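A.B. asks: Supplied in structure tokens, the structure appears directly below.
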Amino acid sequence: MERPGKIVCVGRNYREHAKELGNEVPAEPLLFFKPPSCVIANGAPIELPADAGRVDFEGEVAVVIGAKLTKASEAQCAAAVRGIVAANDVSAREWQKNDGQWARAKGTDTFLPLGEESRKPHDLAALTLVTRVNGVERQRATTADLVFPIPTLLSFISRYITLYPNDLVLTGTPAGVGPLAANDVVEVEIVGHSQVRSPVVALS
């Protein structure tokens, strides 16, 4: 897909993932941004900075916006979904913890591999997400497991941040995240819809 205008992300939107990192499930969607400059295409490498420490994969279902949304209802938001994309919200954990703000931890170059955009699915709550590292399954969940379903998320975001066509919303990662190392290959798949595969390289 073409580079998004902006990328709005949602943290801790699967209960088991919040639990595995020692966090509570938020009362409202926890929002943060990734910059468009961190997007890479299917097959391009994830680059691990030498000073980053632990860098994790986070497989996610990403939603492509197809119409302007401002203070929109859940029904309006569901209708405005243009498509979905497999995404990997690569995250440097030490930076995430130490910086407070997540700009560096989440927004470093190459930290958002995206697959090809798939057309809007019939049921936004029936998508299966699978992440594999070196062919071994590490994450599996469905969007029925989301704490805040996709239309709820989009409506909440649109109360404060206007969404425009070609904006991207990452909906959160399920349990099973883990560190990446040089020469790994990580794959994120929305079964039957979109997939992104990324080799991992270490920067000196």
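A.B. asks: Which percent, to the nearest 5, of DSSP beta bridges fully inside the chain are antiparallel?
C.D. replies: DSSP beta bridges in the chain are roughly 85 percent antiparallel.
A.B. asks: Would you please classify the overall shape of the stretch 28-86 from the alpha carbon gyration tensor, given that a ≥ b ≥ c denote the square roots of the eigenvalues, rounded means a/c under 1.5, and beyond that prolate means a/b larger than b/c while oblate covers the rest? Spell out each step's value before the answer.
C.D. replies: Details: a/c = 2.88, a/b = 2.03, b/c = 1.42.
Note, shape of the stretch 28-86 comes out prolate.
A.B. asks: In addition: About its Cα centre, how strong a charge dipole does the chain have in debye, to the nearest 20, once Lys and Arg get +1 and Asp and Glu get -1 at the Cβ?
C.D. replies: For this selection, approximately 440 debye.
A.B. asks: Is the shape of the stretch 25-139 rounded, prolate or oblate, going by the alpha carbon gyration tensor and its root eigenvalues a ≥ b ≥ c, with a/c under 1.5 for rounded and a/b larger than b/c for prolate?
C.D. replies: Here the stretch 25-139 falls in the prolate category.
A.B. asks: Right, another one. I need the phi-derived Karplus couplings for the stretch 29-35: 6.51 cos²θ - 1.76 cosθ + 1.60, θ = phi - 60°, integer Hz, Gly and Pro marked x.
C.D. replies: Once θ is set to phi - 60°, the couplings for the stretch 29-35 become x, 8, 9, 8, 10, 10, x Hz.
A.B. asks: Rounded to the nearest 20 Debye, what is the dipole magnitude of the stretch 1-111 about its Cα centre when Lys and Arg each give +1 and Asp and Glu each give -1 at the C-beta?
C.D. replies: 360
A.B. asks: From the phi of every residue in the stretch 155-160, what ³J(HN,Hα) in whole Hz does the Karplus formula 6.51 cos²θ - 1.76 cosθ + 1.60 yield, where θ is phi - 60° and glycine or proline is x?
C.D. replies: Taking θ as phi minus 60°, the curve returns 5, 4, 4, 5, 5, 10 Hz for the stretch 155-160.
A.B. asks: Specify whether the C-alpha gyration tensor of the stretch 7-202 places it in the rounded, prolate or oblate class, a ≥ b ≥ c being the square roots of the eigenvalues: rounded for a/c under 1.5, otherwise prolate if a/b is larger than b/c and oblate if not.
C.D. replies: Judged from the Cα gyration tensor, the stretch 7-202 comes out prolate (a/c at least 1.5, a/b above b/c).
A.B. asks: Show me the GluC sites (Glu not before Pro) within the stretch 1-86 that DSSP assigns to loop and that have at most 16 other Cβ atoms within 10 Å of their Cβ.
C.D. replies: Here the sparse-neighbourhood loop sites are GLU2, GLU24.
A.B. asks: Past 25 Å, Cα to Cα, is the threshold; run LYS6/LYS120; LYS71/LYS97; LYS71/LYS106 against it and keep the listed order.
C.D. replies: LYS71/LYS97; LYS71/LYS106
Taken together, the values in this text are just the output of simple stated rules run on the coordinates, not laboratory data. Being a predicted model, the structure only gives us computed values, none of them experimental. Neighbour counts run over all protein chains shown; Cβ positions are idealised from the backbone, glycine included.
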